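The values are calculated or read from the model by the stated rules, or taken from the named source; none is laboratory data. Everything numeric here is computed off the predicted structure, so don't read it as measured data. When we count neighbours, we look across all protein chains shown, and the Cβ atoms used for this are built from the backbone with ideal geometry, even at glycine.
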Amino acid sequence: MVRTLQRWFDSDIGYSFRTSPVAIAAAVIAFVCVFCAVFARWVAPHDPFDLSTLVLSDAQLPPAWYAHGTAKYLLGTDDQGRDILSALMYGARISLAVGVASVLLSMLIGISLGLLAGFRGGWIDSALMRLCDVMLSFPAILIALLIAGVGRAMFPDAHETLAFGVLIISISLSGWVQ
């Protein structure tokens, strides 16, 4: 592991990364965002799901750097008095989970179909390539919305419980070809 990191650090990409302050700043910001998302329970100043801590008199407070803002709520509060910074940290956990799961499922689909096309060849390879051409001719967001709409129509009563899975599947099925 250390040798691999050392080789990357000594490579042209590692040198370009080390000498670019923008790349370093972007990596630090990305690391902080992922850290806050993963450890939101301990890092967030307030729990947005704990209804006993809500104070309606703190509703719609501006961010701390505005007039009448307070350091207790750095990004302000919403109309129910919930801290916006804490809500962002807790919401980032869901976004991170959807992103990671979608990428893993897309990789599984793409690698499996690529291996099938590569090893079998012939008409299977041609059919899968035409499928890829069709998938690439439509915008990914259009395909994802179509799959999400079909999923919602198929399971109207269980939409709220299946929304997470339908979202992951719709993003994965629209993005595996890329």
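Listed by first and then second residue, the pairs with beta-carbon distance under 7 Å, at least 6 apart or on different chains, first residue in region 45-68 and under 21 Å from residue 91 (Cβ atoms), second part of a loop (DSSP other than H, G, I, E, B) and of a type in the set (A, V, I, L, M, F, W, C), are 63/74; 63/75; 64/71; 64/74. The residues in region 1-36 that are among the hydroxyl-bearing types (Ser, Thr, Tyr) and surrounded by 11 or more Cβ atoms within 10 Å (Cβ to Cβ) can be counted, and the count is 3. Here residue 34 clears all of (1) of a type outside the set (D, E, K, R); (2) without any contact (Cβ under 8 Å) to a residue 60 or more places away in the chain; (3) closer than 28 Å to residue 98 by Cα except the condition numbered (2). So is residue 32 more than 25 Å from residue 70 (Cβ to Cβ), among the β-branched types (Val, Ile, Thr) and assigned to a helix (DSSP H, G or I) or not? So residue 32 does not fit the description; no. Do any helices (runs of 4 or more DSSP H) lying entirely in region 109-176 carry at least 2 residues that are loosely packed, with under 13 Cβ neighbours inside 10 Å and either at pLDDT 85 or above or more than 22 Å from the chain's Cα centre (by Cα) (or both), and which ones are they? Fully inside region 109-176 and qualifying: 122-137, 140-154. Of the candidates 70, 77, the single residue that is surrounded by 12 or more Cβ atoms within 10 Å (Cβ to Cβ) and in contact with a strand residue (DSSP E or B) (Cβ under 8 Å, 6 or more places away or on another chain) is 77.
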